Amino acid sequence: MQNNSNNLATFLYIDTAGERAMVAVGSESAILAIETNEMVNTHASFVQTAIDKMCKEINMPIHELDAVVVTMGPGSYTGLRVGLSSAKGIAYAINKPLIGISTLALLAKHAITHINLIKTEKNIQIFSMIDAKRMEVFGAIYNADLSIILPEQAIVLDSEFMANLLDKGPLLCVGNGAIKTNQLFSNAQLHCIESQYDIQDFKLLAFEKWAKKEFENTAYSIPSYLKEFYQGPAKSSK
């Protein structure tokens, strides 16, 4: 049975959308356990082992979780399949809700929460960007209240596109695709920060969806690929 209070609810978090995978268990007030994996090609073997390890460490049977939270993309094609498949399997097995979170919304939430520029620039646009090779990004644009200006999509960056955005007001580009905008355009109203979201951003959005009962269909939900195939950039071997 689901807890009625956000303060009592405990979630399992799964993020395998990028190079760095993360699984965690936490309530609204605290993260109880967290495991990460930096080896991009081993996320599939990492996820279940890490979940088992965390549940043992905090002495929490997995069926006592109240929901499973997972990044839906965009991101690595293989990573998204791994994460969502694991999350759906667990949610189905324990009969608990599945909460899906956009990686682009997470980047925007991180900017809103952590970057002071959001508070000082009136009508700023937040351009969440994930590198999709060459001059392409997976992107979405948000207001400072996280309402959507431009829905998530694959975007080929060029100077005309950036100029049109800046005509509408100051622009904060955030994520690992942000540096590409500096190669195209220089403007006092253009700000680029290669920040990444973290577990706190994940937690904030998860509990907002929990409160609104915005759950995924466990059987039929699919990742937000945005393109037919995207493989995250390989980590160089040393």
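The values are calculated or read from the model by the stated rules, or taken from the named source; none is laboratory data. Note that the coordinates shown come from a computational prediction; the quantities given were computed from them, not determined experimentally. Backbone-built Cβ (ideal geometry, glycine too); neighbour counts: all protein chains shown.
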Legend entry - Flag if Ser5 is touching a strand residue (DSSP E or B) at 6+ places or on another chain (Cβ under 6 Å) and at pLDDT below 95: no
Inset, instruction - Could you tell me which of the residues Leu80, Leu65 is hydrophobic (A, V, I, L, M, F, W, C) and within 12 Å of the chain's Cα centre (by Cα)? - result: Leu80
Inset, instruction - Please work out if Gly139 is crowded, with 17+ Cβ neighbours inside 10 Å, more than 24 Å from Met162 (Cα to Cα) and touching a residue at least 12 places away in the same chain (Cβ under 8 Å). - result: no
Inset, instruction - Return yes or no: is Ile149 at pLDDT below 95, β-branched (Val, Ile, Thr) and in contact with a strand residue (DSSP E or B) (Cβ under 7 Å, 6 or more places away or on another chain)? - result: no
Legend entry - All positions within the stretch 167-193 that are modelled with pLDDT of 90 or more, touching a strand residue (DSSP E or B) at 6+ places or on another chain (Cβ under 9 Å) and surrounded by fewer than 16 Cβ atoms within 10 Å (Cβ to Cβ): Lys168, Gly169, Gln189
Inset, instruction - Please state which one of Ile130, Ile62 is β-branched (Val, Ile, Thr) and within 21 Å of Pro151 (Cα to Cα). - result: Ile130
Legend entry - Hey, Lys238 part of a loop (DSSP other than H, G, I, E, B) and either at pLDDT below 95 or not basic (Lys, Arg) (or both) or not: yes
Inset, instruction - Using the structure shown, decide if Ala44 is in contact with a helix residue (DSSP H, G or I) (Cβ under 8 Å, 6 or more places away or on another chain), surrounded by fewer than 18 Cβ atoms within 10 Å (Cβ to Cβ), in contact (Cβ under 8 Å) with a residue 12 or more places away in the chain and under 30 Å from Val137 (Cα atoms). - result: yes
Inset, instruction - Please find, among Ser76, Ser128, the residue that is touching a Gly at 6+ places or on another chain (Cβ under 8 Å) and in contact (Cβ under 8 Å) with a residue 60 or more places away in the chain. - result: Ser76
Inset, instruction - Considering only residues that are of a type in the set (Ser, Thr, Tyr) and farther than 18 Å from Ile199 by Cβ, look in the stretch 87-136 and name the one that is surrounded by the fewest Cβ atoms within 10 Å (Cβ to Cβ). - result: Thr120
Inset, instruction - Count, please, the residues in the stretch 157-213 that happen to be touching a residue at least 12 places away in the same chain (Cβ under 8 Å) and either in a helix (DSSP H, G or I) or of a type in the set (Val, Ile, Thr) (or both). - result: 22
Inset, instruction - Filter the stretch 73-106 for residues that are part of a helix (DSSP H, G or I), in contact with a helix residue (DSSP H, G or I) (Cβ under 8 Å, 6 or more places away or on another chain) and closer than 14 Å to Phe138 by Cα and give the result. - result: Ala105, Leu106
